[in-house]
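One structure is given below, encoded as structure tokens.
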Amino acid sequence: MRLAGKVAFISGGARGMGAAEVRLFSAEGATVAFGDVLEEEGSALAAEIADKGGQALFLSLDVTSAAQWQAVIDATVARFGKLDILVNNAGVSGAGLVEDVSEAEWDRVMDINAKGVFLGTKTVLPVLRHNGGGSIINISSQLALVGVDNSSSQYMASKGAVRIFTKATAIQYAKDGIRANSVHPGPIATPMTEGGRTDPDRYNTTISRIPLGRYGEPDDVAYGVLFLASDESSFMTGSELVIDGGWTAQ
Ligand SMILES: NC(=O)c1ccc[n+]([C@@H]2O[C@H](COP(=O)([O-])OP(=O)(O)OC[C@H]3O[C@@H](n4cnc5c(N)ncnc54)[C@H](O)[C@@H]3O)[C@@H](O)[C@H]2O)c1
């Protein structure tokens, strides 16, 4: 098993790609703690993993709160004895042209998508250093690499921040054996993209931009995250793993 003996924490793990990572990490031998604002879905997923014989701990977490980050990482280490892997996956989308976006909406998206990654990383760094190293995987987007006319500036700016923050982390903490890499998914079939997939015009526009001609599945991304979490990627840090059906190759 590819994560045997590892302990992972995944933010935004109650549904979508985060839930796929909880399931895959657990199937690959990891002990998984995960946090989310969706308490019902999170508890149900933890019960599902336990039914399959795995060990998963759901903890309520709003990634914009430093105090809550400290509490969930403390609880994870108290329960499982250590931490090897952090996946900063929680995120929200946004809408509107630049002129339509209020300061409050800009701050909302930047706080969850960018500050949330900073706070999660800052909280786990001493734990990973104490552990002798670890792997941090930050979920950015293909929209950190190219712009697009039908997403929002606040979303793209937040994902661009995650991309370069990952490199800063990688460089500053390589000496501690801590790796940090970003993942750049294209359009993936999760609850976040449900609106765009059920509107025929938006769906057709998106599909026309994906050379492989389909939305990705949550597992398409989860397998990339698994690779970066495992020791198979031990010489990778500060890199960008693009999983976008060919979107950014054009
Ligand atoms: N779906 C896509 O097409 C796509 C493409 C590129 C990148 N992404 C990114 O992938 C990640 C996962 O997205 P998804 O598609 O699975 O979306 P999703 O909406 O299905 O899942 C996101 C999860 O994050 C949680 N979350 C939101 N705000 C939170 C907060 N403040 N604190 C804690 N948890 C919070 C949600 O409750 C949810 O469980 C996000 O960072 C997203 O931006 C998604």
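If you go through segment 216-227, how many residues are within 14 Å of the ligand (Cβ to nearest atom), open to solvent by less than 20 Å² (accessible area, probe 1.4 Å) and within 15 Å of the chain's Cα centre (by Cα)?
Residues that pass the stated criteria total 4.
Scan GLY238, GLY195, GLY224 and give me the residue that is of a type outside the set (A, V, I, L, M) and not in a helix (DSSP H, G or I).
GLY238
Provide a single number: the residues in segment 123-132 that are open to solvent by less than 20 Å² (accessible area, probe 1.4 Å) and farther than 14 Å from GLN172 by Cβ.
1
Hey, could you check segment 32-48 for residues that are assigned to a strand (DSSP E or B) and within 16 Å of GLY91 (Cα to Cα) and say which is farthest from the ligand (Cβ to nearest atom)?
PHE34
Taking the options ALA189, ALA180, ALA174, name whichever one is within 16 Å of the chain's Cα centre (by Cα), modelled with pLDDT of 95 or more and surrounded by fewer than 18 Cβ atoms within 10 Å (Cβ to Cβ).
Residue meeting the stated conditions: ALA189.
Determine which single condition GLY160 fails, assuming it passes every other condition in (1) crowded, with 19+ Cβ neighbours inside 10 Å; (2) more than 10 Å from the ligand (Cβ to nearest atom).
Among (1) crowded, with 19+ Cβ neighbours inside 10 Å; (2) more than 10 Å from the ligand (Cβ to nearest atom), GLY160 violates only (1).
Just to be sure I understand the filter: pairs with C-beta atoms under 6 Å, separated by 6 or more residues or on different chains, first member in segment 111-132 and within 14 Å of THR76 (Cα to Cα), second member in a loop (DSSP other than H, G, I, E, B) and open to solvent by 60 Å² or more (accessible area, probe 1.4 Å). Which pairs pass?
Pairs that qualify, where the first residue is within 14 Å of THR76 (Cα to Cα) and the partner is in a loop (DSSP other than H, G, I, E, B) and open to solvent by 60 Å² or more (accessible area, probe 1.4 Å), are ASN131/LYS82.
In segment 20-31, what residues are assigned to a helix (DSSP H, G or I) and polar (S, T, N, Q)?
Correct list: SER26 only.
Do you know which residues across segment 49-75 are within 15 Å of the ligand (Cβ to nearest atom) and either β-branched (Val, Ile, Thr) or open to solvent by 50 Å² or more (accessible area, probe 1.4 Å) (or both)?
SER60, ASP62, VAL63, THR64, ALA66, ALA67, GLN68, GLN70, ALA71, VAL72, ILE73
Please work out which residue is nearest to the ligand (Cβ to nearest atom), limiting yourself to segment 76-104 and to residues that are of a type in the set (Val, Ile, Thr) and part of a helix (DSSP H, G or I).
Once the filter is applied, the top-ranked residue is THR76.
Please go through segment 163-175 and give me each residue that is within 15 Å of the ligand (Cβ to nearest atom) and among the basic types (Lys, Arg), ordered by number.
ARG163
Looking at ASP107, ASP111, which one is open to solvent by 10 Å² or more (accessible area, probe 1.4 Å), within 10 Å of the ligand (Cβ to nearest atom) and in a helix (DSSP H, G or I)?
Selected residue: ASP111, the only one of ASP107, ASP111 that is open to solvent by 10 Å² or more (accessible area, probe 1.4 Å), within 10 Å of the ligand (Cβ to nearest atom) and in a helix (DSSP H, G or I).
Can you find a residue in segment 176-183 that is within 14 Å of the ligand (Cβ to nearest atom), touching a Leu at 6+ places or on another chain (Cβ under 6 Å), under 23 Å from ILE136 (Cα atoms) and assigned to a helix (DSSP H, G or I)?
no
Output the number of residues of segment 44-82 satisfying the condition of being under 22 Å from GLY134 (Cα atoms) and charged (D, E, K, R).
Going through segment 44-82 one residue at a time, the tally reaches 3.
Against the definition (open to solvent by 60 Å² or more (accessible area, probe 1.4 Å) and modelled with pLDDT of 95 or more), how does ALA90 come out, yes or no?
Considered against the rule, which asks whether it is open to solvent by 60 Å² or more (accessible area, probe 1.4 Å) and modelled with pLDDT of 95 or more, ALA90 comes out as no.
The values are calculated or read from the model by the stated rules, or taken from the named source; none is laboratory data. None of the values given here were measured: they were computed from a predicted structure. Cβ: placed from backbone, ideal geometry, glycine included. Neighbour counts: every protein chain shown. Please note that ligands, DNA and RNA were not included when accessible areas were found on the heavy atoms of the full protein model with its side chains. Shrake-Rupley method; radii C 1.70, N 1.55, O 1.52, S 1.80 Å.
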